[in-house]
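Novice: Below is the structure I would like to discuss, written out as structure tokens.
Just so you know, all these numbers are worked out from the coordinates, no wet-lab data involved. Keep in mind that this is a model prediction, so the values were computed, not measured. With ideal geometry, Cβ positions are generated from the backbone for all residues, glycine too; neighbour counts draw on all protein chains shown.
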Amino acid sequence: MQMNHEEAPVLDALAAYRKGDSLGFSPPGHKQARGAAPEVRAVLGDAVFLGDLLASGGLDDRRMKSRVLQRAENLMADAVHADFTFFSTCGSSLSVKAAMLSVAAHGEKILVGRDAHKSVISGLILSGVRPVWIEPQWDRERHLAHPPSAHDYEKAFAEHPDAKGALVTSPTPYGTSADLRAIADVCHERSRPLVVDEAWGAHLPFHPDLPTWAMDAGADVCVTSIHKMGSGLEQGSVFHLRGDLIDHDTLASRADLLGTTSPSVLLYAGIDGWRRQMMLDGHALMSHALSLAATVRQEIEDIDGMHVNDHADFCGTGAGSEFDPLPVIIDIRELGVSGYRAADWLREHHHVDTHLMDHRRISAQITHADDVETTERLLTALRDLARRAPSLPRGPEVAIPEPSELRMAQVRLPRDAYFAATEDIPVEEAVGRISAEMMTPYPPGIPAVLPGERLTEPVLRYLTSGLAAGMNLPDPADPELKTVRVCVEDGEG
């Protein structure tokens, strides 16, 4: 049956609620903005409160008879070639956990790319699933990771035939995608499901010049953040299901187990409206964004001291399979300042916020919302940065380990180490001890240290030198890393 993508069930139901002059004696307590503080209303606007109502007994009746949310999810599934779609108001951090818990249970194995987001690690901690780590493909020259190869998943399944499935992150925050078709084939030859953490790929189904969409590549579950590259609100996420290797009801149950019982209708409305926007105008919007990004990339490349990483840099070596040009990754090593310092300077002096930053890069994320005015402001700021870079303080160097030094032995399951008896010790005494916490440079949120890994000097030196240079490390018990939380008793597991 052909669906009408001019509909937006959540938005339509919100409009009907307002038109019907409904009066609720139920949460939320602000009661359609009437109880909100005037100062709050002045900043947020009444539209936020008018769209904030119960999903059941507000947007829909108490038994959800109008199927408002289900109709919106069905339209989204049709839009992106999935069998089923689930909306989440807890971000992709929840969605990816629900997917993992639908594949493997406590003590069972799942193949996981070691470049996974910290939300994946949180899922392992909560569930007790046993990870089999798949190493990313390392770019030694640029000191960054690309997704693991299909061959690496093939090898891991051969060594762990009891693994229940696999998870891969694609695209990465740097814009490189895995060979999803090949990885899906590896999984499906064994009747094992593939979960793709495609948080950065909400836009991919809507233009042929973008990397292959996970559902089209054969993924069984795909998790997507609508707020990252789409027009949704923060925390708006969807996850899609195809095929029968993951049971629909199991996935729904896992999502219900982890999710909130008070979902935000505002987030539902943002997801629903974005789907309609992309189905009606997505190709034109993405064509404009791609054209704009190409111009911006060339303009930045012409700035002395800046290099924009492109397809040849990331995929020419055979590491990345496909490349998304919208995350504009700018290598500023020749300017002699770190990405941390550059990002802070741009915010302070031009009120321009970049997304990703590391020891030698910053990124400017171009979306369909950008235009000549926004990108010209970005270019002006970057040109000014290049002019002023020689006079900026250099700051300490970040001690980047070799790839062989970056990976530590996992001697306990993440869950076992996280919930073990712990002690906080000086970082200088932590080498050889088992970490009981994550240590995650953010963004992009890929942990350098996991609970259960035996700490080494190169990794600790990398993190402490990174902090001195401006790295953000929000999740350890001591964000300054003067102390480290470790397991009281060492043990194999």
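Novice: Binning every alpha carbon pair distance of the stretch 335-397 at 10 Å from zero, what are the percents per bin?
Specialist: Over the stretch 335-397, the share of Cα pairs per 10 Å bin runs 21, 56, 20, 3 percent.
Novice: Can you work out the FRET efficiency for the pair Arg41 and His81, with r the C-beta to C-beta distance and R0 = 45 Å, to the nearest 0.05?
Specialist: Step by step, r from the Cβ atoms, then E = 0.60.
Novice: Can you list residues from other chains, or at least 5 along the same chain, whose modelled amide H is less than 5 Å from the amide H of Phe84?
Specialist: The answer is Leu241.
Novice: Also: Pull up all non-local amide H partners of Arg130: gap of 5 or more, or a different chain, and H-to-H distance under 5 Å with H placed in the peptide plane.
Specialist: Distant-sequence amide H within range of Arg130: Gly107, Glu108, Lys109, Ile110.
Novice: Right, something else. In whole Hz and in residue order, list the ³J(HN,Hα) couplings for the stretch 154-171 that follow from phi through the Karplus curve 6.51 cos²θ - 1.76 cosθ + 1.60, θ = phi - 60°; x for Gly and Pro.
Specialist: Here the 3J(HN,Hα) series is 4, 5, 5, 5, 5, 7, 9, x, 8, 4, 7, x, 9, 9, 9, 9, 6, x Hz.
Novice: Related question: Report the label-to-label distance for Ala421 and His355 in nanometres (one decimal), using points 7 Å from each Cα along the Cα→Cβ vector.
Specialist: 4.6 nm
Novice: Between Ala294 and Ala158, what is the FRET efficiency for a Förster distance of 35 Å, r being their Cβ-Cβ separation, to the nearest 0.05?
Specialist: So, using R0 = 35 Å, E works out to roughly 0.25.
Novice: Starting from the stretch 157-211, pick out the GluC sites (Glu not before Pro) whose DSSP state is loop and whose Cβ has at most 14 other Cβ atoms within 10 Å.
Specialist: Glu189
Novice: Just to check I understand the Karplus step: with θ = phi - 60° and J = 6.51 cos²θ - 1.76 cosθ + 1.60, what whole-Hz values come out for the stretch 345-354, glycine and proline as x?
Specialist: 5, 4, 5, 5, 9, 10, 6, 10, 9, 8
Novice: Find how much the distance from Asn74 to His106 grows on full extension, using 0.36 nm per residue of separation minus their present alpha carbon separation; answer in nm with one decimal.
Specialist: Length gained, Asn74 through His106: 8.4 nm.
Novice: Can you tell me the equivalent ellipsoid semi-axes for the stretch 223-265? Use √(5λ) from the Cα gyration tensor, largest first, whole Å.
Specialist: 22, 15, 6
Novice: Then there is this: In nm, what is the difference between 0.36 nm times the number of residues separating Ala16 and Asp247 and their Cα-Cα distance?
Specialist: Taking Ala16 through Asp247 to full extension adds about 79.7 nm, to one decimal.
Novice: I would also like to ask the following. Pull out a ≥ b ≥ c, the square roots of the eigenvalues of the alpha-carbon gyration tensor of the stretch 216-348, then state rounded if a/c is under 1.5, prolate if not and a/b is larger than b/c, and oblate in the remaining case.
Specialist: Taking the square roots of the gyration eigenvalues as a ≥ b ≥ c, the stretch 216-348 is prolate.
Novice: Continuing with the same structure: Could you line up Asp162, Asp313 from fewest to most neighbouring Cβ atoms inside 10 Å?
Specialist: Asp162, Asp313
Novice: Counting only pairs 8 or more residues apart or on different chains, how many lysine pairs in the chain have their Cα atoms under 22 Å apart?
Specialist: Close lysine pairs under the 22 Å cut-off: 13.
Novice: Using helices alone, I'd like the mean residue ellipticity at 222 nm for the chain: each DSSP H run of four-plus residues gives -39500 (n - 2.57), total over residue count, nearest 500.
Specialist: The helix-only estimate for the chain comes to -11500 deg cm²/dmol at 222 nm.
Novice: Now for a different question. State, in angstrom, two size descriptors of the stretch 1-46 derived from its alpha carbons: Rg to one decimal place and Dmax to the nearest whole number.
Specialist: Calculated on Cα positions, Rg and Dmax stand at 14.9, 49 Å.
Novice: If we count every other residue with Cβ under 14 angstrom of Arg341's Cβ, Lys/Arg +1 and Asp/Glu -1, where does the sum land?
Specialist: In short, +2.
Novice: Residues in the stretch 279-310 near a label at His5, defined as backbone nitrogen under 20 Å from the 7 Å Cα→Cβ point?
Specialist: Hits in the stretch 279-310 for His5 at 20 Å: 279-291.
Novice: Over all alpha-carbon pairs of the stretch 311-427, lay out the pair-distance distribution in 5 Å bins, whole %, shortest bin first.
Specialist: 2, 9, 14, 16, 14, 13, 12, 9, 7, 4, 1, 0
Novice: Another question, if that's okay. Limiting things to C-alpha atoms, what are the Rg and the maximum Cα-Cα separation (Dmax) for the stretch 403-487, in angstroms?
Specialist: Every Cα atom of the stretch 403-487 included, Rg and Dmax give 11.5, 33 Å.
Novice: By how many nm would the segment from Leu126 to Asp61 grow when fully extended, if each residue of separation counts as 0.36 nm and the alpha-carbon distance is taken off?
Specialist: Extending this stretch completely gives an extra 20.0 nm.
Novice: Near Arg67, within a Cβ-to-Cβ distance under 12 Å, what is the net charge of the other residues, with Lys and Arg +1 and Asp and Glu -1?
Specialist: 0
Novice: With only alpha-carbon atoms in the gyration tensor, what are the semi-axes of the equivalent ellipsoid for the chain, in Å, largest first?
Specialist: After scaling each eigenvalue by five and taking roots: 35, 29, 24 Å.
Novice: What is the set of long-range amide H partners of Met306 at a cut-off below 5 Å, with H atoms built 1.01 Å from backbone N?
Specialist: Those qualifying (amide H under 5 Å, at least 5 residues apart or on another chain) number zero.
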